[in-house]
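Just so it is clear, none of the values below were taken in a lab; they were calculated from the coordinates. Nothing here was measured: the structure is a model prediction, and the numbers come from that model. With ideal geometry, Cβ positions are generated from the backbone for all residues, glycine too; neighbour counts draw on all protein chains shown.
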Amino acid sequence: MATILKNHLGCDFVLQLGEERKNTKIKLLQLTDMQFIDSSQCRTDDRISEREKIAWVPESFDLFCGDHIRSVISQTHPDLIFLTGDLIYGEFDDNGSMLDRFCTFMDSFEIPWAPVFGNHDNESAMGIDWQCARLEASEYCVFARGSVSGNGNYTVGIATGGELVRVMYMLDSNGCRRSDDPKVMKEKRLYRDQLEWLAERAEVISAPGFCCFHVPTADFQNAVVSKGYAPTPQDLFTIGVTVPQKDDDFGCQGQPLRTMAVADLPLVPLFHAAGIDGVFIGHYHSVNTCIRYEGIRWTFGLKTGQYDHHEPGQIGGTLITLENGGFDVQHVTALVPSAPVPYH
């Protein structure tokens with residue numbers, strides 16, 4: 001039976017799997033960019049269209065997102081779910097009811113889930129203190145605010161029989177410009193103290209790792225260009241369809257790729273030193289590439305749910321399977337009918 005232990009084996013949290021799980025597959029499910037919207041909480045009457053106001057009422061959550069999540073979970077049966085930002089569209093959650101409902105919904109699966117914030121979550125007038133407290137209060141949520149820049153910098157270890165087999169470094173990539181909360185960083189960025197914290201924790205933990213955050217860094221652009229998939233990061237392509245596949249890469253880039261700033265610590269050597277061989281993010285709803293570059297798999301998770309912009313047929317989650325010291329990545333499409341999209 002799986003249990004969550006706090007401050008164990010050098011990690012903030014550890015998903016402790018039983019001795020019987022040694023040498024078995026361990027499944028992690030990434031969900032990203034759900035962007036739960038409550039149209040009744042529009043701050044201004046002209047923010048969204050009349051059709052969107054009718055469609056995106058709280059009662060429609062299952063239709064536009066909840067059923068998609070149920071489908072992916074039922075297909076994958078994960079040991080742990082991690083969410084790479086924009087759980088809600090905070091601008092439409094000034095009373096906190098959407099985050100509260102989303103937490104209750106995720107807890108209903110009785111599977112540990114670990115979130116980081118995206119650039120839209122913290123727009124809510126409820127403020128970051130309330131949001132962090134609400135996540136921490138959820139029965140199955142694994143979340144810690146951390147003590148470095150941003151809100152939500154923490155580690156989640158995965159152990160079988162008391163032995164740590166993998167660690168996940170969860171980082172806040174910041175950048176919530178519509179928030180007036182002084183505790184919310186306005187610039188999309190990984191700050192130096194965050195990266196120094198990661199390096200220090202890696203020295204203590206000494207296990208292979210993943211890094212999970214929301215907004216892509218320039219390394220994702222470098223991966224695209226270096227593998228020859230596009231002459232510039234702004235070009236569009238589908239691996240294996242419009243461009244030849246290399247290595248075990250897959251996915252499509254359906255919108256131009258731009259990135260956030262990073263402190264003056266190059267990520268690739270830092271990740272190599274920390275034993276990080278996989279990076280998982282979200283943010284771009286029409287990009288879901290997984291590209292091997294510099295010994296690291298750089299993965300955009302498949303967008304989860306139909307709120308805001310999305311690509312029909314490319315909605316669901318991303319399954320990471322740990323086995324024999326390595327891991328495999330695959331997108332899992334939600335097997336539910338698409339709801340009529342109000343802005344198409």
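Here are a few things to note about the model shown:
- Selected from LEU29, LEU15, LEU322 as most flexible by GNM, with the chain as the system and alpha-carbon contacts under 10 Å: LEU322
- The range 203-344 - charge dipole about Cα centre, Lys and Arg +1 at Cβ, Asp and Glu -1, debye rounded to 20: 280
- Residue-count net charge about LEU29 - beta-carbon cut-off 15 Å; Lys, Arg +1, Asp, Glu -1: +1
- Bridges between two residues of the range 243-344, per DSSP, are antiparallel at a rate of about 80%.
- Computed on the range 127-227, with alpha-carbon pairs under 8 angstrom and 6+ residues apart, the relative contact order is 23 percent.
- Listed pairs LYS27/LYS303; LYS53/LYS183; LYS227/LYS303; LYS27/LYS188; LYS53/LYS303; LYS27/LYS186 exceeding 26 Å between Cα atoms: LYS53/LYS183; LYS27/LYS188; LYS27/LYS186
- Per-residue 3J(HN,Hα) values for the range 186-191, derived from phi via the Karplus relation 6.51 cos²θ - 1.76 cosθ + 1.60 with θ = phi - 60°, read 7, 8, 5, 5, 9, 7 Hz in sequence order (x marks Gly and Pro).
- Estimated [θ] at 222 nm from DSSP helical runs (n ≥ 4, -39500 (n - 2.57)) normalised by residues in the chain, nearest 500: -5500 deg cm²/dmol
- The 3J(HN,Hα) values that the Karplus relation (6.51, -1.76, 1.60; θ = phi - 60°) gives for the range 110-126 are, in residue order, 6, 10, x, 9, 10, x, 10, 7, x, 7, 10, 3, 7, 6, 4, 5, 5 Hz. Gly and Pro appear as x.
- Tensor-based shape of the range 36-133 (alpha-carbon gyration tensor, a/c under 1.5 rounded, otherwise prolate or oblate): oblate
- Charged neighbours of ILE320, selected by a Cβ distance under 15 Å, balance to 0 (K, R count +1; D, E count -1).
- Relative contact order, percent, the range 8-104 [alpha-carbon distance under 8 Å, six or more residues apart]: 44
- Build a GNM of the chain with springs between Cα atoms under 10 Å apart, and of HIS283, HIS272, HIS214 the one that fluctuates most is HIS272.
- Within the range 146-200: Cβ-based charge dipole about Cα centre, in debye rounded to nearest 20 (Lys, Arg +1; Asp, Glu -1): 300
- Each of TRP130 and GLU200 was given a label point 7 Å from its Cα along the Cα-to-Cβ line. The distance between the two points is 3.2 nm.
- Considering only GLY282, GLY305, GLY240, the mean-square fluctuation computed in a Gaussian network model of the chain, springs between alpha carbons under 10 angstrom, is largest for GLY240.
- Charge tally in the Cβ shell below 14 Å around ASP129, where Lys, Arg are +1 and Asp, Glu are -1, ASP129 excluded: -1
- Beta bridges per DSSP with both ends in the chain, % antiparallel, nearest 5: 55
- Shape of the chain, Cα gyration tensor, a/c cut at 1.5: rounded
- Antiparallel DSSP beta bridges within the range 273-326, percent to nearest 5: 55
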